[in-house]
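Undergrad: Structure below; questions to follow.
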Amino acid sequence: MGTVHARSLDPLPMHGPELGVQADDIEAPEIEQEPKQEVLENKDVVVQRVHIDGLGRTKEDLLSYEIAEVFRANNLIDVMRRSHEARQKLLRLGIFRKVEVVIDTSQGEDALPNGLDVTFEVTELRRLTGSYNTMVGNNEGSMVLGLKLPNVFGRAEKLTFQFSYGTKETSYGLSFFKPQPGHFERNVSVNVYKVTGQFPWSSIRETDRGISAELGFPLWKTNQTLKWEGVWRELGSLGQTASFAIREESGHSLKSSLSHAMVIDSRNSSILPRKGGLLKIHQELAGYTGGDTSFLKEDFEIQLNKSLIWDSVLSASLWGGLLLPIGDKTTCIADRFYLGGPTSIRGFSMYSMGPQSDGDYLGGEVYWAGGLHLYTPLPFRPGRGGFGDLFRTHFFLNAGNLCNLNYGEGPQAHLKKLAECIRWSYGLGIVLRLGNIARLELNYCIPMGVQSGDRICDGFQFGAGIRFL
Amino acid sequence: MSLAAEAFVSQMAAAEPWPENATLYQPLKDDQILLSDHASSLAVQAYLRMCGLPVQVVCRANAEYMSPSGKIPFIHVGNQVVSELGPIVQFTKAKGHTLSDSLDDVQRAEMKAYMELVYNMLLTAELYVQWCDDATAAEISRPRYSSPYSWPLGKILAYQKQWEVRRKMNAVGWGGKSLEQVYEDVSQCCQALSQRLGTQPYFFNKQATELDALVFGHLFTILTTRLTSTELAERVKSYSNLLSFCRRIEQTYFEDKGS
């Protein structure tokens, strides 16, 4: 029996969990159907040895979990399939640049006649990798310097450091990630960060210094995340012209919160999916573990996608959230919800609707937003099968509302408040997908149901982002 | 604030009369406010009372961060926010309320000089005692300053503040001074003020000015605030005309309204 190389398989992108898992977007390459398939399939084989060549820092015990399945194979097709799966698992660890699989007949004294040796030839990533980017946005330019130590202790632990030096603000973050050997989805991570942001729609400047610890694990069909976060938040008004309501929010606060997130994602891609749905539920309880901020925050996100004729997709989403203060303190502007802008309710300016004071938007304690999209390929489909497939045209209808709740009124009054004065908008535009992470939109929007105080963007609106309604 | 902005503010201010709902913001009176902030706040309150301008005092834990200059106190009048005595005097002047109009140029220069003396000596001494004297800082200043915040944020902010003040003391050359030298400076300052006051009811005879408000704010606070040591108050008490000056202003402007 000759050597079968499995290296024709497409390499998978290296990705860590922070980029979001996109493996589901990549269609699993089909094993090439050989003409001799029947013969091979029926032939019983035994995998005698599995070698991993090219290991340096990586500890072998970590890999033994990932390749254990290969030993269970009992015919050649099975060996190839399991080897391919093991290869994918190895690449998913994010510690190898390249993994090649070589399957050969067993050699040596104890070789069985039907024995096979599987060799994984791996190339480890460098001990330290660096990146350098420049970013422009929000009237600010910044330089982002990233350092990554993949596989610090040899068991797929990852240490990342990111430093962003801007014309106005400086931010940094240090994060340590450790997966459980053999169960990559079960992982812990610890983060330390300082992030500064300027939010011109609220005339506010926020500096967060925090630490967080996170535990992620799969449960049935869901991904669960438990997190504790301690943040020291410093709010200040942006310039002398900030309204007095913003001034009153200035100062320091300490938030210590426990949060839980649950995600069920059956979509084939996180950006421009063709089918599947998404359910995300997030809840946060602040104040019981210390700090001087107390609230309960609940929010959810639902998205459903359905393929129609001519490659068009109908997509519907619904978001909602509620922020309940605990105790007699009112909620902080940094915790409230914001709505509007090219990534949520199009046709309105960024986060410029709802409660406001002298043109500074204060956010709301409860919100809902819904969107209906019809995505179609570009008219006449230029660049089909290549560059043109990154684009879609879409027709959209967005609606939503954001307000504060007076907790004396009872739930009936709250629902009524959310149902009256609904902001909505419709329009059409072009969507460009950037990798599997972000998308750009250029839309012509017609905002409707505008309330006094809302800032609108009637006509063309450009948007870029990760999360879209 | 830039000159242009200041000019704009005073123009805007002149257009509107003094509203009924003017507010003065300061830190929490019972648990948080420190000697120097209380003195500055009292000086502004005295000044506004001398002008006959009503103001409501509101205590906020984050007053320091609400203030446009980061200093206590500040007033919120109509749409305007103005902090510290100097700019507030300018602001009321733009609205047509002033105490120093009857002074001639020489007296006005003298008044400015004495106000500088109070800022440079009394206020700096207060800050020194609060943050550079270890006993006062540990027993009074840091616990009070951090009182509105939960652990460990309060500790961080208090040490941050202490470090900031100490750096400022070094910059003005007070870093190397001993507590005794600072008390001596306070004595000298009081000596100068006492001589200038003499037997007059106010520094410029019958008419109370912003200098009177400023001196009253600081001396009255020093006399009535309990610190780890009474030395600071003792130094002031040895000037009897300053004591009666404080009593006079208290009786004239604060009695039966409460301070």
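Undergrad: Going by alpha carbons, how many degrees (0 to 90, nearest 10) lie between the helix axis of A:76-92 and the longest principal axis of chain A?
TA: 40 degrees
Undergrad: Now a separate question. So, counting K/R as plus one and D/E as minus one, what does the shell of residues with Cβ under 9 Å around A:THR123 add up to?
TA: So the surrounding residues net to -1.
Undergrad: Also, I was wondering about something else. In deg cm²/dmol, rounded to 500, what helix-only [θ] at 222 nm does chain B give when every DSSP H run of at least 4 residues adds -39500 (n - 2.57) and the total is split over its residues?
TA: One gets -17000 deg cm²/dmol as the mean residue ellipticity at 222 nm.
Undergrad: Another question, then. What is the gain in length, in nm to one decimal, between B:GLU184 and B:ILE156 on full extension, counting 0.36 nm per residue of separation less the C-alpha to C-alpha distance?
TA: Difference between extended and current length: 6.8 nm.
Undergrad: Check the straight Cα-Cα distances from B:LYS93 and name the lysines below 24 Å, setting aside those fewer than 8 residues away within the same chain.
TA: The qualifying lysines are B:LYS71, B:LYS112, B:LYS206.
Undergrad: For the protein assembly as shown, with the dipole built from +1 on Lys and Arg beta-carbon atoms and -1 on Asp and Glu ones, taken about the Cα centre, which of A:GLY388, A:LEU215, A:SER171 lies farthest toward the positive end?
TA: A:GLY388
Undergrad: I'd like to compare B:42-52, B:158-168: which one has the highest average count of other Cβ atoms within 10 Å, and what's the full order after that?
TA: B:42-52, B:158-168
Undergrad: Between A:LEU432 and B:LEU28, what FRET efficiency comes out of the Förster formula 1/(1 + (r/R0)^6) with R0 = 56 Å and r the beta carbon distance, rounded to 0.05?
TA: For R0 = 56 Å, the calculated efficiency reads 0.55.
Undergrad: For the ranges A:175-186, B:211-222, what's the packing order if you count other beta-carbon atoms within 10 Å of each residue, average per peptide, and put the highest first?
TA: Final packing ranking: B:211-222, A:175-186.
Undergrad: Farthest toward the dipole's positive end in the protein assembly as shown, which of A:GLY400, B:SER141, A:GLN198, given Cβ charges of +1 (Lys, Arg) and -1 (Asp, Glu) about the Cα centre?
TA: Sorting the options by dipole projection puts first A:GLY400.
Undergrad: Protein chains only, probe 1.4 Å: how do A:TRP310, A:TRP368 rank by accessible area, largest first?
TA: Of A:TRP310, A:TRP368, the descending order of accessible area is A:TRP310, A:TRP368.
Undergrad: Ratio of Rg to Rh for the protein assembly as shown, alpha carbon only, Kirkwood?
TA: Using Cα coordinates only, the ratio equals 1.11.
Undergrad: Let me ask you something else. Suppose every Lys and Arg Cβ carries +1 and every Asp and Glu Cβ carries -1, with no other charges. What dipole size does the stretch B:21-156 come out with about its Cα centre, to the nearest 20 debye?
TA: With only Lys, Arg, Asp and Glu charged at Cβ, the dipole is about 460 debye.
Undergrad: Now for a different question. Cα-Cα pairs above 15 Å in the stretch B:3-94: how many percent?
TA: That fraction is 57 percent.
Undergrad: Just tell me how shielded A:242-249 is by partners: mean number of partner chain Cβ atoms within 10 Å of each residue's Cβ, no decimals.
TA: Mean number of neighbouring Cβ atoms from other chains: 4.
Undergrad: Antiparallel as a % of all DSSP beta bridges within the protein assembly as shown, to the nearest 5?
TA: Rounded to the nearest five, the antiparallel share is 95 percent.
Undergrad: For the pair A:ALA213 and B:SER238, how long in nm is the line joining their label points, each one 7 Å along Cα→Cβ?
TA: My value for the distance between the label points is 5.9 nm.
Undergrad: I'd like the accessible area for A:HIS282, computed on protein heavy atoms only with a 1.4 Å probe and all protein chains in place. Round to 10 Å², please.
TA: 60 Å²
Undergrad: Can you give the local net charge around B:ASP30? Use residues other than it whose beta-carbon is closer than 14 angstrom to its beta-carbon, Lys and Arg +1, Asp and Glu -1.
TA: For residues surrounding B:ASP30, the net value is +2.
Undergrad: Given R₀ = 22 Å, FRET efficiency for A:HIS51-A:ARG81 by Cβ-Cβ distance, to 0.05?
TA: 0.70
Undergrad: Would you work out which of B:PRO201, A:VAL431, A:PHE460 lies farthest towards the positive end of the dipole of the protein assembly as shown, given +1 charges on the beta-carbon of Lys and Arg and -1 on that of Asp and Glu, about the Cα centre?
TA: A:PHE460
Undergrad: Considering only protein heavy atoms, what is the solvent-accessible area of A:ASP61 at a probe of 1.4 Å, reported in Å² to the nearest 10?
TA: 70 Å²
Undergrad: How much net charge surrounds A:GLY197 when only other residues with a Cβ under 12 Å from its Cβ are counted (Lys, Arg +1; Asp, Glu -1)?
TA: -1
Undergrad: Another question, then. Once the convex hull of the alpha carbons of the stretch B:105-258 is built, what does its volume come to per residue, in cubic angstrom?
TA: Looking at the stretch B:105-258, the number lands at 129 Å³ per residue.
Undergrad: Between chains B and A, what is the buried accessible area in Å², counting both sides, with a 1.4 Å probe and ligands, DNA and RNA left out, to the nearest 100?
TA: That pair of chains buries around 1300 Å² in total.
Undergrad: Once every DSSP H run of n ≥ 4 in chain A is given -39500 (n - 2.57) and the sum is divided by its residues, what mean residue ellipticity at 222 nm do you get, rounded to the nearest 500 deg cm²/dmol?
TA: Rounded to the nearest 500, the figure is -3000 deg cm²/dmol.
Undergrad: Magnitude of the Cβ-charge dipole of the stretch B:105-258, K/R +1 and D/E -1, about the Cα centre, nearest 20 debye?
TA: 300 debye
Undergrad: What FRET efficiency comes out for the pair A:TYR165/B:ASP105, r = Cβ-Cβ distance, R0 = 51 Å, nearest 0.05?
TA: 0.50
Undergrad: Sticking with this structure for a sec: Put a dot 7 Å past each Cα toward the Cβ at A:TYR288 and A:ILE446; how far apart are the dots in nm?
TA: If labels sit at A:ILE446 and A:TYR288, their model points lie 4.9 nm apart.
The values are calculated or read from the model by the stated rules, or taken from the named source; none is laboratory data. Fair warning: this is a prediction, and the values are worked out from it, not measured in the lab. Neighbour counts run over all protein chains shown; Cβ positions are idealised from the backbone, glycine included. Heads up: the accessible areas ignore ligands, DNA and RNA and are worked out on the full protein's heavy atoms, side chains in. Shrake-Rupley method; radii C 1.70, N 1.55, O 1.52, S 1.80 Å.
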